[in-house]
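Step one of this worksheet: look at the structure below.
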Amino acid sequence: MNRQITEEETDHLFKVCENHDVSQYDLQIELVDHLASLIEQHWVEKPEDPFKYAVYKALQKFGPTGFQQVKQQKQRALTQKYNRILWQYLLEFYRWPKMLLTLALSLAVVLLFKIVPQLHWLFAIYILVLVCGNLVYHLRYKSINKTNPISDKSFLLLDQLKHIQYFAMFLCYLPIGANLPFQLLEEQSISMPANFIVLFPVSFFIVSSTIVLFAYLFFIPQKIKEHFTQQFPGFVK
């Protein structure tokens, strides 16, 4: 019968991962599984070799930077995965039937541009809504969208969630950039253009930015939470 890794030896492999600066538990599981497979393959040929020597031979196959390369590959894979999910979600708003909602919201913003004579008041209202929305998000929805591991272990998947939420805070101010062309016009004492051809692209940009912001704040975090719960149900309260 072929020699197999014991529970105590498995715990040692987790410590090996930590010693190689891999603290994320989900990544440790993959590396430990791979190391255990290499060690058991080594024992098929040389079953008399001690465990620590088999670990040494397995680590040699990874090389000095092998663990970090695996970590970087996993991070890139996660980023690509959720970028793909994000784009699939966003493109729905530019296809039938959600395209009607995007156009309707853009036309509503055009109407606001025409109704409000002083543009700075319109963007002041937007900033006020943005600040209030951020406050509500941090007090309520952020706690809903984040997972609550029952242990103090870190996870690469949760690191991805934090990165997305921090990036969403930056995106909050993206629609405000649409105000810059009109500020330049006001500084030159030029009245705001009332032409639909001018106002609609600006309105469309504001609506599109808001859709992206919603996706980063709510849709993607919820997806990560679902995937984390499916993969690690024992670590969710």
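Quick note: the coordinates plus some simple rules give every number you see, no bench work behind them. Quick caveat: nothing in here was measured; it's all calculated off a predicted structure. Every residue, glycine among them, receives a Cβ derived from its backbone with ideal geometry; neighbour counts consider all protein chains shown.
What to note about this one:
- Amide H contacts under 5 Å for residue 154, placed H, 5+ residues apart: 25
- Residue-count net charge about residue 71 - beta-carbon cut-off 13 Å; Lys, Arg +1, Asp, Glu -1: -3
- Which listed pairs, of 52/162; 15/223; 46/153; 57/225; 153/223; 74/223, have C-alpha distances above 27 Å, in listed order: 52/162; 15/223; 46/153; 57/225
- Note on residue 34 and residue 229: with the Förster distance fixed at 30 Å, the Cβ-Cβ geometry gives a FRET efficiency of about 0.75.
- Going from the residue with the fewest nearby Cβ atoms within 10 Å to the one with the most, 70, 136, 22 rank 136, 70, 22.
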